[in-house]
Amino acid sequence: MCGIVGYIGHREAYPIVLKGLKRLEYRGYDSAGIALYDGTDIKLSKTKGKVLDLEHKLESEISTHGSLGIGHTRWATHGVPNDINSHPHYSNSGDLVIIHNGIIENYGSLKQELISRGYTFKSDTDTEVLVNLIEDVKKNENIKLGKAVQIALNQVIGAYAIAVFDKNKPNEIVVARLGSPLAIGIGEDEFFIASDASPFIEYTKNAIYLEDEEMAVVRRHKGVKIRKIKDDSLVDNYIQTLQLNLEQIEKGGYDHFMLKEIYEQPNAIRDTFRGRLRTDEAIIKMSGVEDNMKKFLNADRIIVVACGTSWHAGLVSEYIFEDLARIPVEVEYASEFRYRNPVITDRDIVIAISQSGETADTLAAIKLAKSKGAFVFGVCNVVGSSISRETHAGAYTHAGPEIGVASTKAFTTQITVLTLIALRLARAKGTISSSEFRHQMIELELIPDKVKKALESDDYVKSIAEIYKNASNFLYLGRGFNFPVALEGALKLKEISYIHAEGYPAAEMKHGPIALIDENMPIVVIATKKGHYEKVVSNIQEIKSRKGKIIGIVTEGDKQVRELADHVIEVPETIESLTPLLTTIPLQLLSYHIALMLGKNVDQPRNLAKAVTVE
Ligand code: M6R
């Protein structure tokens, strides 16, 4: 993880780098640092804490003048979060300074070698090893920085996005990537470097995304030269025009990104099916599916690989694909799948789901599946991300940037895309009738307005949050399509409020978790009218007999659960397969309000980062 930013051009670098770091804080926020070249020397300041802490410290510590700068916001891997381990890191001579996102796996042996050659280390980081390795190569071979970076990186095992400069050659920044994202913004005689395009979107819409195993020398007044790290061959600069706009990455009047993103869901879902769901013509059009229809129709099974919330969306899709398209589905944690020697054939379709498109475990699972001959289809939100490029084909979710660490609109838009695919395949396979197909399309089209309606429960959910905010544990129960929603509700609560929460299939409760229930245990039960309703009502009775506090998520107008539960939150009625798109809304709001009432940092929960680019 970690976010990196750099600037070289005609403006003051500091405000650009600082603002860029604030935008990239979602990638890591346990420490931050900036190095500037002020015309004579490097000025560096770094600290444990957030970018705001850096800003306070830096402005009293160093001059902020200079038109070349690099900055870093960290999610610690090697070495605890403290001032010394924060980036940037100097080389021993003090000539080179580096920022790094990723992990150098063989840093231990490289460090020993460098120590034997007289190098000393201040920090516990792998990054300080890398900058000294570059320095060592540069000195020994008496070569330019770019070449030294290339030779050094060929000795490195691991993942990286780096930016490094030499105070003796302050007209260039050398960058490289393997496994961690790196974009170069091309302005008018100025260049920006960043983990994603958000730090430079107000300056330029033109960007180059480095591919894995590529490096670039970014020269003041001269431009960008890209090479392959392995064989030194030159690569054409492929400049893309960015679609992102500033408004999308700002809070837009909301207190937190998470709340903004929860409220964006009606539009995000609509944007996701726009142009694809053509109800009037009774067709679903998705080029990634159409172009590969034969593969989908001949598939023996679908294997979904993902992590976290995306894995939960994958679990929902298992119910949807099997129900509608009658294709067997397995849903795997990417981190387990990649190390399990799984049985995969060329008749398998692997669907990789990832909001960021950068999750290291999902990326590795994709590479494994491809090596075994499977066709891999990506469902990503971030356009141009590593996963979207690594997969054979795919469909974007079009949710817009998701910045809050807790995933919200990514979940509902992923389910939307997966529903579209399942419906398309069901039609092609003839596993649903044309009238049922049409009915499902109409229901999907109504979802954005129903999500809007579900959001109207916000104040009521807030009042429930007030009652239970001090609980130490929560249980979330659901069945069928809503079992994954229970898992997702529990994940949302734990990651931002730090309250322990478990999601369970409602009927499994009696096989263990029921022992936890007493008058202090709040239990959120998803009990919508469609799908095992009577069974879930029985589960609610069982909870009631043990004095558990019941928060029911029910269909509008429900009477039965209302009689039993302590609180009921209504969501509009829809078909069973689409209920997750509605039932998840109050659960997102509940976790948001509880976390806020407990004074937690909703958008940047402790120990987490938005994109988990390390395994
Ligand atoms: O970017 P991805 O969808 O691949 O991320 C996967 C998980 O890291 C992510 O969903 C994580 O669980 C969220 N913080 C949950 O809210």
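The values are calculated or read from the model by the stated rules, or taken from the named source; none is laboratory data. Treat the numbers as computed from the prediction; the structure is a model and nothing was measured. All Cβ positions, even for glycine, are placed from backbone atoms using ideal geometry, and neighbour counts span all protein chains on display. The accessibility values were calculated without ligands, DNA or RNA, using every heavy atom of the protein model including side chains. Shrake-Rupley method; radii C 1.70, N 1.55, O 1.52, S 1.80 Å.
Observations, loosely collected:
- Packing, taken as the mean count of other beta carbons within 10 Å per residue, orders the peptides 590-596, 444-450 from highest to lowest as 590-596, 444-450.
- Coupling constants for segment 44-56 follow from the phi torsions by the Karplus curve (6.51 cos²θ - 1.76 cosθ + 1.60, θ = phi - 60°), and in residue order they are 10, 9, 8, 7, 5, x, 8, 4, 4, 5, 4, 4, 5 Hz; glycine and proline get x.
- Theoretical ellipticity at 222 nm over the chain - DSSP helices of four or more residues, -39500 (n - 2.57) apiece, nearest 500: -11000 deg cm²/dmol
- Karplus-derived HN-Hα couplings along segment 102-117 (A = 6.51, B = -1.76, C = 1.60, θ = phi - 60°), whole Hz, x at Gly and Pro: x, 9, 9, 5, 9, 5, x, 5, 4, 5, 4, 4, 5, 4, 5, 9
- The portion of the accessible surface of the chain made up by carbon and sulfur, rounded to a whole percent, is 48 (1.4 Å probe; DNA, RNA and ligands excluded).
- Taking all Cα pairs closer than 8 Å and separated by 6 or more residues, the relative contact order of the chain comes to 12 percent.
- Cβ crowding within 10 Å averaged over residues, with 85-91, 518-524, 248-254, 193-199 ranked highest first: 193-199, 85-91, 518-524, 248-254
- Reachable aspartates and glutamates from Lys139, criterion Cα separation under 13 angstrom, eight or more residues apart if same chain: Asp95, Asp166
- Protection proxy ranking, peptides 116-126, 473-483, average beta carbon neighbours within 10 Å, highest first: 473-483, 116-126
- Radius of gyration, Dmax [the chain; alpha carbons; angstrom]: 25.5, 81
- Accessible area of segment 3-248 divided out per residue, in Å², using a probe of 1.4 angstrom: 39
- For segment 537-615 versus segment 1-32, the gap between their alpha-carbon centres in whole angstrom: 36
- Percent of Cα-Cα distances greater than 13 Å, calculated over segment 485-525: 55
- If you wrap segment 251-432 in the convex hull of its Cα atoms and look at it from every side, the mean projected area works out to 9.9 nm².
- Solvent-accessible area per residue, Å², over segment 310-456 with all protein chains present [probe radius 1.4 Å]: 33
- Segment 91-159 and segment 330-407 have Cα centres lying 32 Å from one another.
- Label-point gap, in nm, between Lys452 and Thr279 - each point 7 angstrom along Cα→Cβ: 1.3
- Segment 401-477 - convex hull of alpha carbons, volume per residue in Å³: 152
- Hydrodynamic radius of segment 455-604 by the Kirkwood approach over all distinct alpha-carbon pairs: 14.9 Å.
- Two-site FRET efficiency, Arg562 against Ile442, from Cβ-Cβ distance with R₀ of 30 Å, rounded to 0.05: 0.55
- Taking 29 Å as the limit for the C-alpha separation, the pairs Lys260/Lys429; Lys122/Lys222; Lys57/Lys147; Lys205/Lys225; Lys453/Lys510 exceed it in the case of Lys260/Lys429; Lys122/Lys222; Lys57/Lys147; Lys453/Lys510.
- Those trypsin sites (Lys or Arg not before Pro) in segment 537-615 that DSSP places in a loop and that have at most 12 other beta carbons within 10 Å: Lys547, Lys559, Arg606
- Relative contact order (%) - segment 251-432, alpha-carbon pairs under 8 angstrom, separation at least six: 29
- Cross-link pairs Lys494/Lys530; Lys295/Lys492; Lys409/Lys600; Lys22/Lys43; Lys19/Lys600 - those with Cα-Cα distance over 26 Å: Lys494/Lys530; Lys295/Lys492
- Rg followed by Dmax, in Å, when segment 326-377 is reduced to its Cα trace: 10.5, 31
- What segment 472-615 shows is 35 Å² of accessible area per residue, with the surface traced by a 1.4 Å probe over protein heavy atoms.
- Cα-based reach from Lys559 at 15 Å (exclusive), listing aspartates and glutamates while leaving out same-chain residues under 8 positions away: Glu534, Glu570, Glu573
- Taken about its Cα centre, the chain carries a charge dipole of roughly 520 debye when the Cβ of each Lys and Arg holds +1 and the Cβ of each Asp and Glu holds -1.
- Simple spin-label estimate for Glu330 and Asn520 in nanometres, 7 Å along Cα-Cβ: 4.2
- Share of pairwise Cα separations in segment 3-248, more than 30 Å, in percent: 17
- HN-Hα J in Hz across segment 407-412 - Karplus 6.51, -1.76, 1.60, θ = phi - 60°, x for Gly and Pro: 6, 10, 5, 5, 4, 5
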